[in-house]
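Below you'll find the structure, written out as structure tokens, and then a few comments.
The values are calculated or read from the model by the stated rules, or taken from the named source; none is laboratory data. Just so we're clear, the structure is a prediction, and the values are computed from it rather than from any experiment. Quick reminder, even Gly has a Cβ in these numbers, built from the backbone with ideal geometry, and neighbours come from all protein chains shown. For accessibility, only protein heavy atoms count, side chains too; no ligands or nucleic acids. Shrake-Rupley method; radii C 1.70, N 1.55, O 1.52, S 1.80 Å.
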Amino acid sequence: MTAQTTDINTAAGVLRAGGLVAVPTETVYGLGANVEDAAAVARVFQVKGRPPSHPLIVHIGGAEQLVDWAEDVSEAARLLAEHFWPGPLTLVLRRSRRVPLEVTGGLQTVAVRVPDHPIALALLAGFGGGIAAPSANRFGSVSPTTAHHVRTELGPGVDFVLDGGPCEVGVESTIVDATGEIPTILRPGGVTCEDLEAVLGRPLGVDSTSRVRVPGQHPSHYAPRARVILVEPENVIAEAELALERGHQTGVFLPPSLADVPVKAHAVVTVPSSMAAYARELYGFLRDLDQQGCDLIVASLPPEQGLGLAIANRLRRAAGPRPSH
Ligand code: AMP
Ligand code: MG
């Protein structure tokens, strides 16, 4: 059941009262709080188990509200906002005084975006303020792309869940540092580099030219419970069968080029050849293989262009070294 007007009114009331609302966006579900309510923002960090130094994205209802939340907005930033909002693009800008430091992890910059989802936009309009929202999952784990994912992972930590059905894009927003001369990608996501460069009419900067701290420094992020190993596409089947022989409950991400090839494994997912479909399904696939009891997932990287860049980034993080407990 998707959310109705009454649910949106209820959710706006929950935000006003200092509560947390799970909000569907086109990328993933967010865990939203009133940006200007320090106690509510503190609860977001606590419910996620996220270190308070990891800043949150501020969601606003339209590009015209940018002046309330950011200062020194460059021409390039304005151009990107006009072109890609509402949409899966987050701009990092100098914060205005309206943005509390609790939201930015103490930084003088703020990450802002206008989500492209009717329910998120209706909530922002009804609430009137900004909504600070990270992905509605435990820190480090796979982002939720359905309301069911949010409920099973965060349970009573969320005061109200707006159900908007499955997310269209399925991976997080592209984060662009727009504080300097040359806009620079901090995290690949739902808007491709190619599209950003076409609108800017010039190449984007590379990470090392960015003046702001790169987000998500932790090598392991977006990770399922199962260990993920990445191999060349042509080696996926052999690696998976070896892991099975060694006694692993093995899950396989079968590349589209091997779609009809039989493979012995505990669970097999055939990767869609369309990158948009793959991005939409990626986190659901990882959750499914966890649910089926896999302890190891063998996968390969897609070509790193277009949305393939964001998918490869998430798979690398999923395969990153885990913190020892
Ligand atoms: P999440 O909400 O979990 O998808 O993560 C949001 C991302 O935005 C995190 O990786 C943050 O580190 C990043 N972010 C938020 N604010 C800033 C900022 N001011 N500068 C750089 N990155 C930011
Ligand atoms: Mg996240």
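Say each of SER74 and SER53 gets a label point 7 Å from the Cα, pointing the same way as Cα to Cβ; how far apart are those two points in nm?
2.6 nm
For a quick check of your reading of the filter: which trypsin sites (Lys or Arg not before Pro) in the range 59-119 sit in a DSSP loop and have no more than 13 other Cβ atoms within 10 Å? Provide the component values of the computation, followed by the final result.
Values: sites: ARG78, ARG94, ARG95, ARG97, ARG98, ARG113; in loops: ARG97, ARG98.
Those satisfying the criteria are ARG97.
What value, in deg cm²/dmol to 500, does the helix sum -39500 (n - 2.57) over DSSP H runs of n ≥ 4 give at 222 nm once divided by the residues of the chain?
Working: 11 runs with 105 residues, N = 325.
When only DSSP H runs of four or more count, the value is -9500 deg cm²/dmol.
Using only Cα atoms, tell me the angle between helix 75-84 and the longest principal axis of the chain; keep it within 0 to 90° and round to the nearest 10.
60 degrees
Mind pulling the angle between the C-alpha long axis of helix 5-16 and the longest principal axis of the chain? Nearest 10 degrees, somewhere in 0 to 90.
70 degrees
Compute the acute angle (0 to 90°) between the alpha-carbon long axis of helix 275-291 and the principal axis of greatest extent of the alpha-carbon atoms of the chain; round to the nearest 10°.
70 degrees
Express the carbon and sulfur contribution to the solvent-accessible surface of the chain as a percent, rounded to the nearest whole number, probe 1.4 angstrom.
Numbers: 7240 of 13930 Å².
The value for the chain is 52 percent carbon and sulfur by accessible area.
Is any residue of the range 283-299 close enough, with backbone N under 16 Å, to a label point placed 7 angstrom from the Cα of GLU241 along the Cα-Cβ axis, and if so, which?
Residues 298 fall inside that zone.
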